[in-house]
1. Could you check, for region 41-48, whether at least one of its residues is at positive phi and small (Gly, Ala, Ser)?
2. Of everything in region 90-122 that's of a type in the set (D, E, K, R) and loosely packed, with under 15 Cβ neighbours inside 10 Å, which residue is nearest to Gln37 (Cα to Cα)?
3. Identify all residues within region 17-41 that are surrounded by fewer than 19 Cβ atoms within 10 Å (Cβ to Cβ) and farther than 17 Å from Val94 by Cα; write none if there are none.
4. Which residue is surrounded by the most Cβ atoms within 10 Å (Cβ to Cβ), if the candidates are limited to region 77-89 and must be touching a helix residue (DSSP H, G or I) at 6+ places or on another chain (Cβ under 9 Å) and over 22 Å from Gly116 (Cα atoms)?
5. Ser5 versus (1) at pLDDT below 95; (2) polar (S, T, N, Q); (3) more than 29 Å from Ile119 (Cβ to Cβ): which is the lone unmet condition?
6. Among Glu61, Glu79, which is the only one that is of a type in the set (Asp, Glu) and either at pLDDT 95 or above or closer than 23 Å to Glu31 by Cβ (or both)?
Amino acid sequence: MNHLSPKTLVTAWVEAFNRRDVEALADMYAEDAVNHQVAERPVEGRAAIRAMFADGFAAAEMVCIAENLFEDGDWAILEWRDPLGLRGCGFFHVVAGRIVFQRGYWDKLSFLRQHGLPIPQC
């Protein structure tokens, strides 16, 4: 079976994200994958990751504009921005053509403000 390289997989991930295609996104993750956006608790498992994307797309109009995409072995590194000026980066560990681990860094407070979402109180 041919597997996509990490860079090619993340390029497809960005395209699916911008289509808001929850099923295509979820299918890119291993069954036991972990997605850890550092502003949130880690999300474990494909089903939970699918729900995370569905909830996120229901809450806000999100767009990912890739600025840089690098590949190093079985890792892809994505530097991105959105049309509102938010910037971030993501690290994707890809094994056998699926994302097994993802970590993302971005400013949650700016995201909530830009989208008019409630800001949790400490």
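1. The answer is yes; a qualifying residue exists.
2. Narrowing region 90-122 to residues of a type in the set (D, E, K, R): 98, 103, 107-108, 113.
Narrowing the set further to residues that are loosely packed, with under 15 Cβ neighbours inside 10 Å leaves 107, 113.
On the way: Asp107: 10, Arg113: 18 Å.
So, considering only residues that are of a type in the set (D, E, K, R) and loosely packed, with under 15 Cβ neighbours inside 10 Å, the one nearest to Gln37 (Cα to Cα) is Asp107.
3. Result: Asn18, Arg19, Arg20, Asp21, Glu23, Val38, Ala39, Glu40, Arg41.
4. Leu78
5. (1)
6. Glu79
Matching residues to (1) in contact with a strand residue (DSSP E or B) (Cβ under 7 Å, 6 or more places away or on another chain); (2) farther than 25 Å from His115 by Cα; (3) among the basic types (Lys, Arg):
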residue	(1), (2), (3)
Val14	yes, no, no
Arg19	no, no, yes
Ala33	yes, yes, no
Glu40	no, no, no
Ala48	no, no, no
Ala60	no, no, no
Glu67	yes, no, no
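The values are calculated or read from the model by the stated rules, or taken from the named source; none is laboratory data. Computed from a predicted structure; not experimentally measured. Reconstructed Cβ throughout: ideal geometry from the backbone, glycine too, with neighbour counts over all protein chains shown.
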